[in-house]
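Trainee: Below is the structure I would like to discuss, written out as C-alpha cells.
Derivation of every value follows stated rules applied to the coordinates shown; laboratory data play no part. Just so we're clear, the structure is a prediction, and the values are computed from it rather than from any experiment. Cβ coordinates were reconstructed from backbone atoms using ideal geometry, including for glycine residues, and neighbour counts include every protein chain displayed.
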C-alpha cells in the first residue's frame, strides 16, 4: 500500500499502516484521508502521548477530558496507550460516536472526517453554516473562510488542504510492502494541477491552525 510522506507514519511502518487501513475500512473512509487527519491533529508527531499545553487534549486525535468521558474511557489512560491501541480501540469508538444517528454519504469524506473531531455537532451540515464564533473562531485562522467566519465548509477545507498537499508530493509516497483488498484511495496521488502553493498550505496553514486549535481546548 502506498502512503503519503508523513515522517511519523513512515517511522512506525507496516506495524501501524495495516491496522490503520483496517480501521479506515470500518469507518468507512479513505485510509489516506484518515492518515492525513492524524498528521494534522497530532501536529505531525504521530505520538500517542502528544499533549496540548493549553488544554487537556492528548493523543493522535487530541482527545479532551470531555470526549474521553463521552467515550467511556478514563482520560488518564489515553496518554499511556500505544499508537496501536489508540488506532485500533479509540479511533473506531470515536467515529462510531460522532457518526451515530447521522445520515452522511459513505465513504465519509475527509471534510466530514475532520468535523467528527473538530466540530462533531456539525457533521453533514451545510458548508455555509457557522460552526464557531467569537474567541474560538478568532484563535483558529485555519478554520476561517475569506470573510473570517468559521463555517462548516472552511473547517473541512483545512483537512482537504492537507490531503491535497500530500497528493502534490506523489513522488515521495512510500510503499509499506503490504497488499490490501480494499479499493484504492479515492484520490490517487497525482501532482498534476497542484502546485507549490498547496504544499505551502500544509507547511504553514495546517500547522498554525493545529497549534491555534490547541489553545482553545
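Trainee: Quick check on the exposure proxy: order 75, 132, 114 from fewest to most C-beta atoms within 10 angstrom. Intermediate results must be reported in sequence, preceding the final value.
Mentor: Numbers: 75 16, 132 22, 114 25.
With the sparsest Cβ surroundings first, the list reads 75, 132, 114.
Trainee: Cα centroids of segment 30-53 and segment 110-133: how far apart, whole angstrom?
Mentor: A separation of 18 Å, based on Cα centres.
Trainee: Ok, one more. Hey, fewest Cβ within 10 Å first, where do 27, 104 land in order?
Mentor: So the residues, fewest neighbours to most, are 104, 27.
Trainee: Against the empirical 2.2 N^0.38 Å scaling, what ratio does the C-alpha Rg of segment 1-131 come to?
Mentor: Segment 1-131 yields a ratio of 1.00.
Trainee: At 0.36 nm per residue, minus the direct Cα-Cα distance, what do residue 180 and residue 11 gain on full extension? Give it in nm, one decimal, please.
Mentor: 58.8 nm
Trainee: For a quick check: sort 180, 63 by the number of other beta carbons within 10 angstrom, fewest at the front.
Mentor: By the 10 Å Cβ count, ascending, the order reads 180, 63.
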